[in-house]
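One structure is given below, encoded as C-alpha cells.
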C-alpha cells in the first residue's frame, strides 16, 4: 500500500492496466461515491490518450491528476515546468497561474501531513507558512480541510517565538472561523489567555 502512496486504511485507488495509480477515491464510501470516482477515472484515462497526441491537453491532464490525488506536489511542479518550457501556456496565462496556485496549495497540505503530531515539525511548518503570509505568497484556501491545521501551526510558531503579533493573527483567524462552535470555546479561551500573557511579556521587554 505504501508503494502507491497509502498511509492508512482504508486507502482506495484506481489503477491502470500496468498497475500505475491514476486516482484516489476521496468521496463517500458507498455505491454512488465509488461510481462517481470510477467515472472520473475513465474520463482521466481518456485525457491521457488525448494528451499523448496533443500537448495542449497536457495542462488539463495535469490539473486532473492533481484533483484526483494522482500526483504529488514535487512531481506536479516538475511537470508544470516541462509544460512551460514546451510553450503550452503561451496563450494560457490564467491556466498557468491557476495551476501554480493549486500546486502551491497541494505542497502546503503535504507539509501539514508530513508534520503530523511532531511539535518541532509543526513549528517549522508554521514558520514557513507565516513567511508566505508576510510576503504575500500563496496561503491556504478557507475551503481546505487543513485550514485549521495551517493556522494552528502558525499559532504554534508564534508561541514558540513568544511573538504576540504572529500568535494573535493566527488566533484571530481561527476564532473568526470556528469561534461560533461551542466545543471549540474552551480551547480558544485558553489560547486568548495565552495571547494576553505574550502581550504582557512584550511590554516587559
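None of the figures in this text is laboratory data; all of them are computed from the coordinates on show. These figures come from a predicted structure and were not determined experimentally.
Mean-square fluctuation check for the chain, GNM, Cα pairs under 10 Å: which of 42, 112, 71 is largest?
Looking only at 42, 112, 71, the largest GNM fluctuation is found for 42.
Return one number: the angle in degrees, 0 to 90 and rounded to the nearest 10, between the long axis of the Cα atoms of helix 58-67 and the longest principal axis of the Cα atoms of the chain.
50 degrees
In whole Å, what is the distance between the alpha-carbon centres of the stretch 154-205 and the stretch 59-78?
Between the Cα centres of the stretch 154-205 and the stretch 59-78 lies a distance of 36 Å.
Angle, helix 119-135 long axis vs. longest principal axis of the chain, Cα atoms, 0 to 90°, nearest 10?
80 degrees
Note down the relative contact order for the chain as a percent, whole number, built from C-alpha pairs under 8 angstrom at least six residues apart.
10 percent.
Using Cα springs under 10 Å in a Gaussian network model of the chain, which residue among 39, 79, 162 shows the largest mean-square fluctuation?
Sorting by GNM fluctuation, first place goes to 39.
Any chance you could give the angle, 0 to 90 degrees and rounded to 10, that helix 93-115 forms with the longest Cα principal axis of the chain?
Once rounded, the angle reads 60 degrees.
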